[in-house]
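Input: a single structure, listed below in structure tokens.
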Amino acid sequence: MDWDTALKFIGICIPFFLATIWAMVDAAQRDFGSLRAKVIWMAVAAIPFAGFILYFALGMRKGKKPGQA
């Protein structure tokens with residue numbers, strides 16, 4: 001693998017990695033009503049490349065930040 005291909009690969013992977021970390025942290029901070037639901041959404045958020053998309057599209061609206069009504 002040459003450097004150009006490696007840099008392109010890394011450039012594509014970094015935003016997906018950061019979005020996955022962001023989704024997992026967001027899921028950890030939200031209240032989903034039960035620990036089971038929270039663990040499920042954190043596991044979904046941890047799926048590489050597609051998990052954060054599913055979490056932000058579906059799961060984020062189901063949880064509430066602490067202090068929200």
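Details
- Here region 29-69 is scanned for amide nitrogen atoms under 16 Å from the site 7 Å beyond the Cα of Ile12 along Cα-to-Cβ, giving 48-50.
- The relative contact order of region 15-59 comes to 43 percent, based on Cα pairs under 8 Å that sit 6 or more residues apart.
- For the residues Ile40, Ile14, Ile53, a GNM of the chain with alpha-carbon springs under 10 Å puts the largest fluctuation on Ile14.
- Each Lys or Arg adds one and each Asp or Glu takes one away; over the other residues whose Cβ falls under 9 Å from the Cβ of Trp41, this sums to +3.
- Integer Hz, Karplus 6.51/-1.76/1.60 couplings in order for region 59-66, x for Gly and Pro: x, 4, 6, 7, x, 10, 5, x
- Approximate spin-label separation Leu58-Val39, in nm, with each point projected 7 Å along Cα-to-Cβ: 1.9
- Net charge of Cβ neighbours under 11 Å - reference Lys64; Lys, Arg +1; Asp, Glu -1: +3
- Karplus (6.51, -1.76, 1.60) ³J(HN,Hα), θ = phi - 60°, over region 46-53, in Hz, Gly and Pro reported as x: 7, 5, x, 6, 10, x, 5, 5
- Couplings 3J(HN,Hα) of region 5-10, computed from phi: 5, 4, 5, 5, 4, 5 Hz, in residue order, whole Hz [Karplus 6.51 cos²θ - 1.76 cosθ + 1.60, θ = phi - 60°; x for Gly and Pro].
Where a number appears in this text, it was derived from the coordinates with a stated rule and is not lab data. Since we're looking at a predicted model, the values are computed, not measured. Note that each Cβ is placed from the backbone with ideal geometry, even for glycine, and that neighbours are counted across all protein chains shown.
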